[in-house]
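The values are calculated or read from the model by the stated rules, or taken from the named source; none is laboratory data. Keep in mind that what you see is a predicted model, and the values were worked out from it rather than measured. Quick reminder, even Gly has a Cβ in these numbers, built from the backbone with ideal geometry, and neighbours come from all protein chains shown. Remember, those area values only see protein heavy atoms, side chains included, never the ligands or the DNA or RNA. Shrake-Rupley method; radii C 1.70, N 1.55, O 1.52, S 1.80 Å.
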Amino acid sequence: QVQLADSGGGLVQAGGSLTLSCTASGRTFNSKFMGWFRQPPGKEREFVASIHWIGGITDYTGSVKGRFTISKVNAKNTMYLHMNDLKTDDTATYYCAAGDLRTTRPRSYDYWGQGTQVTVFS
């Protein structure tokens, strides 16, 4: 079983930055894709970004393009989400996930972190 541990959330003023981390542990990690999702209060979980674990191909949802960057360090089994120019609409619980498909659908991911809260205030 693979465990994902996400961290790095916090309280930040609009325009500020945060970096989230997600580290995979457990049995040999061999998922093809890792991604970040977020769930704003009272809303459904939504795709933020994903990265191919070997090739590094990235995908982003439109609202974060140019502001967020997804990256990874394979040797550490760790993925990051660098978030710049944060907006109040970015407030949500952020979850990392791992799976074998290049998709924005949460149900297609096999493993999930516990979530880390990001709150952006104006």
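Annotations for the structure displayed:
- Residue with peak Gaussian network fluctuation, the chain [Cα springs, cutoff 10 Å], from ARG102, ARG38, ARG27: ARG27
- Rounded to 0.05, the FRET efficiency of the ASP110 and LYS65 pair, given R0 = 22 Å and the Cβ-Cβ distance, is 0.25.
- Mean accessible surface per residue for the range 32-80, computed with a 1.4 Å probe while every protein chain stays in place, in Å²: 49 Å²
- Taking a Cβ cut-off of under 12 Å around ARG67, the surrounding Lys, Arg, Asp and Glu residues balance to a net charge of -1, with basic ones at +1 and acidic ones at -1.
- Using the Cβ of SER21 as centre and a radius below 11 Å, the other residues enclosed give a net charge of +1, where K and R count +1 and D and E count -1.
- The residues packed around THR119, meaning those with a beta-carbon under 14 Å from its beta-carbon, carry a net charge of 0 if Lys and Arg are +1 and Asp and Glu are -1.
- Segment GLU46-GLN1, extension gain: residue separation times 0.36 nm, minus the distance between their alpha carbons: 13.8 nm
- Computed from Cα atoms alone, the Kirkwood hydrodynamic radius reported for the range 7-90 is 13.6 Å.
- Which of LYS87, LYS76 is most accessible, then next, and so on - probe 1.4 Å: LYS76, LYS87
- Fully extending the segment from ALA14 to HIS82 would add 23.0 nm, taking 0.36 nm per residue of separation and subtracting the current Cα-Cα distance.
- Carbon + sulfur, % of accessible area of the range 30-116 - ligands and nucleic acids excluded, 1.4 Å: 46 percent
- Per-bin percent of Cα-Cα distances, the range 49-122 [5 Å]: 3, 14, 24, 28, 20, 9, 2, 0
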